[in-house]
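Reviewing the structure listed below.
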Amino acid sequence: MKKYILIFTTALLFLNLSFSNDALFNKLYGVSSKQIKIDNFIEPVDHSFKSQQMKDAFDDLFPDHVYAKTKLINDNMQAWYTRWYLLSRAKKTFDCTAFVFKNDIFGKSFLGLLLKKAQEGVKIRLMLSSRGSKKFLKDPEIQAMFQELLKTENIIIKQHNPLKVALKNRPKLYKIVQFIRNLMAGNHDKIFIVDGHFVVGGGRNIGKDYMSDVRDNKTARKDTDFVLDSSKIAKQMKIAFDEEFIDLRSRDVKIKSNLDVKNILLKMNLNRKIMKRWIDGLGLYPAKSENQEIIKIVNLLNDEIKKFSLMTNYQSYSLFSGERLIPAMVIDKHSAAKGTKNDITPNLIAMINACEKEIIIQNQYLVLTKEARKALQAANDRGVKIYILTNSPASGANSIDSLATQAIFLREWRELITSMPNLKLYGVEANYYYLHTKVFVFDQVVTAIGSYNMDYVSDKTDSEIITVFKSKSFAIRNRFKFQEELKHAVRYTQDVTPESHATKKRIKKLKWLGKIFKYLRPLI
């Protein structure tokens, strides 16, 4: 009898807890937790749909496309392994730029590996954005590492559009918007070229939030990269790199005089060795030395690296595993500081205009320009199904760089789904991940991956780069990944809103900011 009473009590407690949790959710957000999971799916792949119009559009837009062996990289740790693998094996040249370099063991071990390759004779060009990597550039220890790198004479380090240069190259003051864009302009490209034929592209920067697993690091971001092998694509990437690198607005990195950072060469080598030992699965670096200062450095680095408990299977990494050659083309855009070249926006809009069936967009931001808004509206009116996944006020809660975009998004999302009934708009759930991906899939056959966000900063201000691929199987892999991400997203409807899963405090703050940022929309 006691057994049945225990089972009954346990079942009742379980039901009560389930009801209480949902009731609490309802009380907090005004909607059932079950309700916000409504309709989180996209239609199955239509294998009978030939996508001929989109294939023709790709061929017309990019007649000079080439074939490249290409691998999709969704996992953060695989993205780090790929970069480490290729740079470790570089023999002749290495060109690299990213918007953000972080002052953590990822950023420092990267510099340590650069030092080793430069000492081996590899010619290296590194470009950092004065906007995204401001703290990195000014850090005394990083400056000392730059100083050691430059002593090898095999490396050039530049910073893109430093503020003093931006102020010197201002337009006439009556062009105030352009003046502000020149000041804001950053190199948002993500370019990684090894020996003139291996290329890594996509959305990731260099730092723990871009290269570690969310299970090890709560602030880790979801992103998408690719690696490919093609000397012709590498040449296209190099042209894009050169146009910003050689420009007068990119200056040699300035090293502060009288830098006296102890053991800097030792630190660079230890960062590299400790990273390599850990990802190889060999555990922590042994702190054996008669010098207590060295033991202290090793212990600090060990304490940092051991947080990434899942990043220990590099030895089983394979660069390619049966990937095929697929048509590809690089599309570039200059920063406002450089000029007006923008091949990305018109080509993306042309592909939207060519769509007959489906558009899938994963993007960090959603502040649509007039051109993008018009193209998506026309696609909706043609009956094209549109799926967009972006950050929500909840997923961007801890990201300062999302305040302005989320404030605008909160003002505009309802009008988007009202005017475009074929649009399904999703926001990332709270406390799961922060979306940093920039991926477009058109009619299940053409995929664009790169650094370009759906906002005015990417369209008008920053330097950007994307690579476009024509491949049904490659597009479907991206499509499946999109479907997987919807497990942790909320579809917005007239009843299920951003308020459904973001705190009242966050919503109140964003609504207040929206009243200000609506006047600055062309700069966001």
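Any read-out appearing in this document is the output of simple, stated calculations on the displayed coordinates, not a laboratory observation. These numbers come from a predicted model, not from an experiment. Virtual Cβ from ideal backbone geometry, glycine too; neighbours counted across all protein chains shown.
Side notes on the structure shown:
- Cα-projected label distance for E43 with R215, points at 7 Å along beta-carbon direction, nm: 3.6 nm
- Relative to its Kirkwood radius, the Cα radius of gyration of the chain gives an Rg/Rh of 0.99.
- Dipole in debye (nearest 20) - the stretch 113-272, about Cα centre, beta carbon charges: Lys, Arg +1; Asp, Glu -1: 720 debye
- Between S289 and E120, residue separation times 0.36 nm minus the direct Cα-Cα distance comes to 58.1 nm.
- Think of it as helices only: each DSSP H run of n ≥ 4 in the chain is worth -39500 (n - 2.57), and spread over all residues that comes to -13000 deg cm²/dmol at 222 nm.
- About the Cα centre, charge dipole magnitude for the chain (Lys/Arg +1, Asp/Glu -1 at Cβ), debye: 1300 debye
- Cα→Cβ-extended label distance, 7 Å offset, between E153 and Q53, nm: 6.1 nm
- Formal net charge of residues neighbouring E358 (Cβ-Cβ distance under 14 Å; K, R +1; D, E -1): +3
- K235 versus K515: modelled label distance in nm, points set 7 Å from Cα along the beta carbon direction: 5.8 nm
- Between L366, V194, A79, the Cα set farthest toward the positive side of the dipole of the chain (charges on each charged residue's Cβ, about the Cα centre) is that of L366.
- Gain in span if fully extended, L163 to L325, counting 0.36 nm per residue against the direct Cα distance: 54.1 nm
- The stretch 69-316 - convex hull of the alpha-carbon atoms, volume per residue in Å³: 134 Å³
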